[in-house]
There are 2 protein chains.
Amino acid sequence: MPAQRADARRNHARLLAVAEEEIAAHGADASLEQIARVAGVGSATVRRHFPHRRALLDAVFRGRIETLCSRARDLADADDARAALVEWLRALTEYAASTRGLAVALTRDLEALPDAGHENACATVLSEAGEPLVRRAAEAGAVAPGATAADLVTLITGIALATEHHPDPVAEADRLLGLTMAGAVPRG
Amino acid sequence: MPAQRADARRNHARLLAVAEEEIAAHGADASLEQIARVAGVGSATVRRHFPHRRALLDAVFRGRIETLCSRARDLADADDARAALVEWLRALTEYAASTRGLAVALTRDLEALPDAGHENACATVLSEAGEPLVRRAAEAGAVAPGATAADLVTLITGIALATEHHPDPVAEADRLLGLTMAGAVPRG
DNA sequence: ATAAGATACGGAGGACCCCGCCACTTGGCA
DNA sequence: TGCCAAGTGGCGGGGTCCTCCGTATCTTAT
């Protein structure tokens, strides 16, 4: 089990870098063939490192997702629980709306997949990271009853998906998030 | 300009029927080739009747969209403006969540397209139909300031997109709609 | 330093899809 | 009935995804 061959590790890194650019340019449906071409490897090598498209998407976004997770940990013991949650949700929204392909990745990794392993899925990781924030805010009565962290992540994913087309997705998504948090049709 | 030839009209209807089934079965990315095959026509005939995929999606869903629009008209002078809006939004959500491919169609038709004509787009039609409901509810103070009918349609589209994977999309979407309307993280 | 073995590579080939072209058929009108 | 435009279908080109398999390359032990 000597970890991995040196060239394999190089190709992996190369593919990741190219994939990030390519996904940013052409969305989550970017051509794997094209990624292989740009990276200067055979198309089989792509699927060797990333069996399905989802695996590639996960890997590409893993880093930034981690950043958001640690952001959540930092905010976990802020004074104002509600403000902390809101800040985190806004950060998440901004990132989801500005990073092409991410929202699709977030929904896709919830899709039923032959292999059961969802533990590495971006959406799951994010939900778990946000859970403490939601819990604390809920204890302060600042969260709608029945709403979970996963729900909020799902809502934000939806907003990001639905605003992908918009001229200024980030601003639009943030605005819609505001409506969603405050209540678009609040009870009189 | 004698409207259309009889066989053309037949093929059009046939394609629409087949496309509906095929999209229900395989989502908005259903193969046009396959649709042609099942309908027993050449693949060129499909694109003759529906230049882009979006045109086909629009045509397939037009009927039900119309139903929702007339529903909006019926509700336009209900006693309780808020209740009327909520009912319409719930109906829209249920339909969007239960009809595979519709949510995608709703987002796609907002995408920039070579030809400018968006006037027939499903999302636009829906937004316009819902506008009176929103206006009346807003006058009653039941809608968040700044929220438009288009915003609500967008939010619902997002919810439908994000819950497509879920085991029970309709129930999940309805629940999330409830959160969105009432406020997921309401101001203390 | 080198040879052996495991590991990773890349290209070929099949299946599918979208798309544009063009010769041909078919329906409607005189 | 015969003409002609409207409508059709199939073919070929270009692209993608995916799998298989012979081969090149890295690693480790000698």
>> Checking the conditions here, which among B:R47, B:R53, B:R71, B:R62 is over 21 Å from the mean Cα position of the chain (by Cα) and either of a type outside the set (S, T, N, Q) or more than 19 Å from B:A121 (Cβ to Cβ) (or both)?
In response: B:R47
> Filter the stretch B:15-52 for residues that are of a type in the set (D, E, K, R) and surrounded by fewer than 17 Cβ atoms within 10 Å (Cβ to Cβ); which is nearest to DNA strand D (Cβ to nearest atom)?
Replying inline: B:R48
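Confirm whether A:E87 is part of a helix (DSSP H, G or I) and more than 20 Å from A:N120 (Cα to Cα).
Values: part of a helix (DSSP H, G or I): yes; more than 20 Å from A:N120 (Cα to Cα): yes.
Answer is yes for this residue.
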>> I need the helices (runs of 4 or more DSSP H) fully contained in the stretch B:1-59, keeping only those with at least 3 residues that are away from DNA strand C (no atom under 13 Å from the Cβ) and under 26 Å from B:H165 (Cβ atoms).
In response: B:6-26
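Of the residues B:A3, B:A36, which single one is hydrophobic (A, V, I, L, M, F, W, C), in contact with a Leu (Cβ under 9 Å, 6 or more places away or on another chain), more than 29 Å from B:D151 (Cα to Cα) and not assigned by TED's automatic domain parsing to the domain that holds B:A142?
On the way: B:A3 fails: in contact with a Leu (Cβ under 9 Å, 6 or more places away or on another chain).
The conditions single out B:A36.
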> Give me the pairs: first residue in the stretch A:141-161 and of a type in the set (S, T, Y), second residue in a loop (DSSP other than H, G, I, E, B), beta-carbon distance under 8 Å, and six or more apart or on different chains, which are they?
Replying inline: A:T154/B:T163
> Which condition does B:R90 not pass, out of (1) free of Cβ contacts under 8 Å to residues at least 40 places away in the same chain; (2) surrounded by fewer than 19 Cβ atoms within 10 Å (Cβ to Cβ); (3) away from DNA strand C (no atom under 16 Å from the Cβ), if it passes all the others?
Replying inline: (1)
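Tell me whether the stretch B:80-93 contains one or more residues that are more than 16 Å from the chain's Cα centre (by Cα) and within 16 Å of DNA strand D (Cβ to nearest atom).
Filtering the stretch B:80-93 down to residues more than 16 Å from the chain's Cα centre (by Cα) leaves B:80-87.
Now restrict to residues that are within 16 Å of DNA strand D (Cβ to nearest atom): none.
Taking every residue of the stretch B:80-93 in turn, none turns out to be more than 16 Å from the chain's Cα centre (by Cα) and within 16 Å of DNA strand D (Cβ to nearest atom).
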>> Being more than 7 Å from chain B (Cβ to nearest Cβ) and assigned to a helix (DSSP H, G or I) is the filter here; which residues of the stretch A:143-167 pass it?
In response: A:A149, A:A150, A:V153, A:I156, A:A160
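Let's see how each residue does on (1) farther than 25 Å from A:A96 by Cβ; (2) without any contact (Cβ under 8 Å) to a residue 24 or more places away in the chain; (3) of a type in the set (A, V, I, L, M):
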{"residue": "A:N11", "(1), (2), (3)": "yes, no, no"}
{"residue": "A:R14", "(1), (2), (3)": "yes, no, no"}
{"residue": "A:E21", "(1), (2), (3)": "no, yes, no"}
{"residue": "A:V38", "(1), (2), (3)": "yes, yes, yes"}
> Going through the stretch B:60-79 one residue at a time, which ones are free of Cβ contacts under 8 Å to residues at least 40 places away in the same chain, surrounded by 15 or more Cβ atoms within 10 Å (Cβ to Cβ) and either of a type in the set (S, T, N, Q) or part of a loop (DSSP other than H, G, I, E, B) (or both)?
Replying inline: B:A78
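Among the candidates A:A140, A:A112, single out the residue that is of a type in the set (A, V, I, L, M) and at pLDDT below 95. Break it down stepwise before answering.
Working: A:A140 fails: at pLDDT below 95.
Selected residue: A:A112, the only one of A:A140, A:A112 that is of a type in the set (A, V, I, L, M) and at pLDDT below 95.
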>> Of everything in the stretch A:168-183, what is surrounded by fewer than 20 Cβ atoms within 10 Å (Cβ to Cβ) and either outside any helix (DSSP H, G or I) or at positive phi (or both)? Give them in sequence order.
In response: A:D168
>> Which condition from (1) modelled with pLDDT of 95 or more; (2) out of contact with any Pro (no Cβ under 7 Å at 6 or more places or on another chain) is the one that B:H165 breaks?
In response: (1)
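The values are calculated or read from the model by the stated rules, or taken from the named source; none is laboratory data. Being a predicted model, the structure only gives us computed values, none of them experimental. Please note: Cβ atoms are built from the backbone with ideal geometry, for glycine as well, and neighbour counts cover all protein chains shown.
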